[in-house]
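Contents: one structure, followed by commentary.
The values are calculated or read from the model by the stated rules, or taken from the named source; none is laboratory data. As the structure is a computational prediction, the values presented were derived from the model and not from experiment. Neighbour counts are summed over all protein chains in view; Cβ atoms, including those assigned to glycine, are modelled from backbone coordinates with ideal geometry.
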Amino acid sequence: MTYETAKSRFAEWGIDTEAALMRLAQVPISMHCWQGDDVAGFEQRSGSSGGGIQATGNHPGRARTPDELRADLEFAYAMIPGQHRLNLHAMYMDTNETPERDEIEYRHFVSWVDWARDQGLGLDFNPTFFAHAKADDNLTLSHPDPGIRDFWIEHGRRTRDIAAAMGTALGSPAINNIWVPDGMKDLPIDRQAPRARLEASLDAMLAEEQDPATMRDAVESKLFGIGVEAYTVGSHEFYLGYAIRKGTLLCLDMGHFHPTENIADKLSAVALSVGELLLHVSRPMRWDSDHVILLNDDILAMGQALISEDLLGRTHIGLDFFDATISRTAAWVIGTRNMQKALLRAMLLPLERLKEAEETLDFTARLILTEELKDLPYGAIWEEFCKRDDRPAGAQLIGELTRYQTGVAHRG
């Protein structure tokens, strides 16, 4: 079906496809660097541990250096319509120095900033509280040892400074997202003491004010992970309360809740109390497994919630999955494009008509509408979006992904 024919079909429902395409082009998605190298990072120090982070598989082509990772990212962005961002972890410093994490500085990341400027990308940032000897107990900011807490507090302070410098250099505020792996494998006796220590550590880490025009803090909750199956210090309730009290962004990671929970439903609830939100879009399978996102009901519901509840302007969208069983660059491309497709489908809904049916309690009309709308030719509108930005779609995309993977497979 041609775009003009599809455009006419949507116009019959009162939907302006041109407006939807223009709106989607303005939505940046922050693509995560750690999909490209299986969350290994580029620190020169050795002896670190996983800290509850695990990528499975050994597909050929893993990026081994910052330059290889940047080349993979450039290819991925060239397959994705629109203008986006990169989400960078502190463990991805690009330097021949060997700073400890409480010693890192902006200069260790300047090459990333220069590259992002050349690519027209914004940067986001994350302190790395895992894969380190001082995280082997799966306790960092909540550790009972004040020396270990101080180490991680200083790490967090420095990442905030680095994120602010990135935001200043690129003219776009960097979201500095705080996630810690803290928890226990078996049942704790005292659940409050670690949370009190975590709160005090966060307060110390965030004490220095930063200009929101250059950097914004976010806090990210979790249900559980490897090694913390019985108790997670930074639970959803902990961070929801903290974000409300302290005025930080609240990060909702789709992989950090029970698979039967509807994360899209949480948006409208927390938005009543939190000013801005951060999303980490992922796909859990039975637990926090961070699969590449599909264009499934969960993602469609997330896109619809952002659009129908007018939350897009208050929500920063990032991705968070890592799969080493498939081409890593293809994972980026598929996942990011699926997030865009979900947003586009939501933008192509006759929301006023749907809301009117709901407000008048005409649930029959609402059901008829939602079911009939599923037959509209969304694919033709997406193909037009790709075409206008000179990005491949369909069989052409498959060919490009295969060609690139063949070229990098020799990396081992």
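Key figures
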| quantity | calculated |
| --- | --- |
| Tally, over the range 42-64, of residues that are within 23 Å of Val113 (Cβ to Cβ) and either at pLDDT below 90 or assigned to a helix (DSSP H, G or I) (or both) | 2 |
| Pairs where the first residue, in the range 112-126, is assigned to a loop (DSSP other than H, G, I, E, B) and the second is surrounded by fewer than 22 Cβ atoms within 10 Å (Cβ to Cβ) and of a type in the set (S, T, N, Q), C-beta under 8 Å, 6+ apart | Gly120/Gln83; Leu121/Gln83 |
| Filter pass, Lys246 being touching a helix residue (DSSP H, G or I) at 6+ places or on another chain (Cβ under 6 Å), closer than 20 Å to Glu199 by Cα and basic (Lys, Arg) | no |
| Hits in the range 91-111 - residues which are hydroxyl-bearing (Ser, Thr, Tyr) and part of a helix (DSSP H, G or I) | Tyr92, Tyr106, Ser111 |
| Residue check for Ile381: buried (at least 18 other Cβ atoms within 10 Å of the Cβ), closer than 27 Å to Thr5 by Cβ and more than 22 Å from the chain's Cα centre (by Cα) | yes |
| Matching residues in the range 1-18 - criterion: being closer than 14 Å to Leu344 by Cβ and free of Cβ contacts under 8 Å to residues at least 60 places away in the same chain | Asp16, Glu18 |
| Failed item in (1) in a loop (DSSP other than H, G, I, E, B); (2) modelled with pLDDT of 95 or more; (3) closer than 16 Å to Phe322 by Cβ, with Leu73 passing the rest | (1) |
| Residues (among the hydrophobic types (A, V, I, L, M, F, W, C) and part of a loop (DSSP other than H, G, I, E, B)) located in the range 185-229 | Leu187, Ile189, Leu206, Ala207, Ala213, Leu223, Phe224, Ile226, Val228 |
| Leu401 being in contact (Cβ under 8 Å) with a residue 60 or more places away in the chain, closer than 29 Å to Gln83 by Cβ and assigned to a loop (DSSP other than H, G, I, E, B) | no |
| Meets criteria (under 21 Å from the mean Cα position of the chain (by Cα), among the polar types (S, T, N, Q) and over 18 Å from Ala204 (Cβ atoms)) for Asn176 | no |
| Residues of the range 17-41 satisfying the condition of being under 20 Å from the mean Cα position of the chain (by Cα), buried (at least 16 other Cβ atoms within 10 Å of the Cβ), modelled with pLDDT of 95 or more and among the hydrophobic types (A, V, I, L, M, F, W, C) | Leu24, Val27, Ile29, Met31, Cys33, Trp34 |
| Residue ID - surrounded by the fewest Cβ atoms within 10 Å (Cβ to Cβ), chosen from residues in the range 221-241 that are more than 15 Å from Trp287 (Cβ to Cβ) and in contact with a strand residue (DSSP E or B) (Cβ under 6 Å, 6 or more places away or on another chain) | Tyr231 |
| Selection count where residues are surrounded by 21 or more Cβ atoms within 10 Å (Cβ to Cβ), more than 13 Å from Arg23 (Cβ to Cβ) and of a type in the set (S, T, N, Q), scope the range 340-366 | 0 |
| Single unsatisfied condition, Gly14 versus (1) surrounded by 15 or more Cβ atoms within 10 Å (Cβ to Cβ); (2) at pLDDT 95 or above; (3) in a loop (DSSP other than H, G, I, E, B); (4) among the small types (Gly, Ala, Ser) | (1) |
| Search result, residues across the range 127-138 that are in contact (Cβ under 8 Å) with a residue 60 or more places away in the chain and touching a helix residue (DSSP H, G or I) at 6+ places or on another chain (Cβ under 7 Å) | Thr128, Phe129, Ala131 |
| Top-ranked residue in the range 193-220 [being acidic (Asp, Glu) and more than 21 Å from the chain's Cα centre (by Cα); ranked as surrounded by the most Cβ atoms within 10 Å (Cβ to Cβ)] | Glu199 |
| Pair list, Cβ < 8 Å and 6+ apart or interchain, from the range 203-218 residues that are farther than 22 Å from Gly241 by Cβ and touching a residue at least 12 places away in the same chain (Cβ under 8 Å) to residues that are hydroxyl-bearing (Ser, Thr, Tyr) and part of a loop (DSSP other than H, G, I, E, B) | none |
| Filtered residue count, the range 305-339, keeping only those that are surrounded by fewer than 20 Cβ atoms within 10 Å (Cβ to Cβ), among the polar types (S, T, N, Q) and part of a helix (DSSP H, G or I) | 1 |
| Breaking point among (1) more than 20 Å from Lys341 (Cβ to Cβ); (2) at pLDDT 95 or above; (3) in a loop (DSSP other than H, G, I, E, B), for Leu294 | (1) |
| Subset of the range 340-383 [assigned to a helix (DSSP H, G or I), among the hydrophobic types (A, V, I, L, M, F, W, C) and over 21 Å from Gly82 (Cα atoms)] | Leu351, Leu354, Ala357, Phe363, Ala365, Leu367, Ile368, Leu369, Leu373 |
